[in-house]
């Protein structure tokens, strides 16, 4: 089960030249925003990446606004753990559960998850908060991730798992996100 004291949220490549080509882009980015707001409310560490921003642009609004005050980790490796700066930041977080949101599901999200699983991390993928340009690629990526040991969840499942119970101050903080 996801534990907010063990988890980190990884926000992968919601960029200007990528997102407009993603199926259901608006819905996918809305779920990412929900996860970012939740993580910030409950002090879950967030690592945020941009894949080759010189060519693919920077993080789109309104996702970038939700990450205000943080700095993206620029990378060229498809799998985030293939980037030394990302790997160092992740190690420094001390977190062993990773909740991945991003694009594309079958490329950067998948390679990040596979590398993380190889390194002993427990990986959770909210299927409504990742996307691809092509539906068959999205499906194949999620199928492979599930076979590799990633837990496929939804945004709401992840939030409620990390909350664990109603009536707490954390639940009250998160309530506007889940209504």
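The values are calculated or read from the model by the stated rules, or taken from the named source; none is laboratory data. Being a predicted model, the structure only gives us computed values, none of them experimental. Cβ: placed from backbone, ideal geometry, glycine included. Neighbour counts: every protein chain shown.
In the set (1) over 16 Å from residue 132 (Cα atoms); (2) under 14 Å from the mean Cα position of the chain (by Cα); (3) free of Cβ contacts under 8 Å to residues at least 24 places away in the same chain, the condition left unmet by residue 85 is number (2).
Given the criteria surrounded by 15 or more Cβ atoms within 10 Å (Cβ to Cβ), free of Cβ contacts under 8 Å to residues at least 60 places away in the same chain and either within 18 Å of residue 155 (Cβ to Cβ) or touching a strand residue (DSSP E or B) at 6+ places or on another chain (Cβ under 8 Å) (or both), does residue 64 qualify? The answer is no for residue 64.
Here residue 101 does not fit the description of being at negative phi, at pLDDT 95 or above and surrounded by fewer than 20 Cβ atoms within 10 Å (Cβ to Cβ). Scan the range 1-17 residue by residue and report those that are in contact with a helix residue (DSSP H, G or I) (Cβ under 6 Å, 6 or more places away or on another chain), part of a loop (DSSP other than H, G, I, E, B) and either free of Cβ contacts under 8 Å to residues at least 24 places away in the same chain or surrounded by 15 or more Cβ atoms within 10 Å (Cβ to Cβ) (or both). Selection gives 2, 4, 13, 14. Considering only residues of the range 127-178 that are modelled with pLDDT under 95 and within 29 Å of residue 20 (Cβ to Cβ), which is surrounded by the most Cβ atoms within 10 Å (Cβ to Cβ)? Here the answer is 177.
Residues checked against (1) surrounded by fewer than 22 Cβ atoms within 10 Å (Cβ to Cβ); (2) in contact with a helix residue (DSSP H, G or I) (Cβ under 7 Å, 6 or more places away or on another chain):
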{"site": "29", "(1), (2)": "no, yes"}
{"site": "49", "(1), (2)": "no, yes"}
{"site": "55", "(1), (2)": "yes, no"}
{"site": "60", "(1), (2)": "yes, yes"}
{"site": "69", "(1), (2)": "yes, no"}
{"site": "111", "(1), (2)": "yes, no"}
{"site": "116", "(1), (2)": "no, yes"}
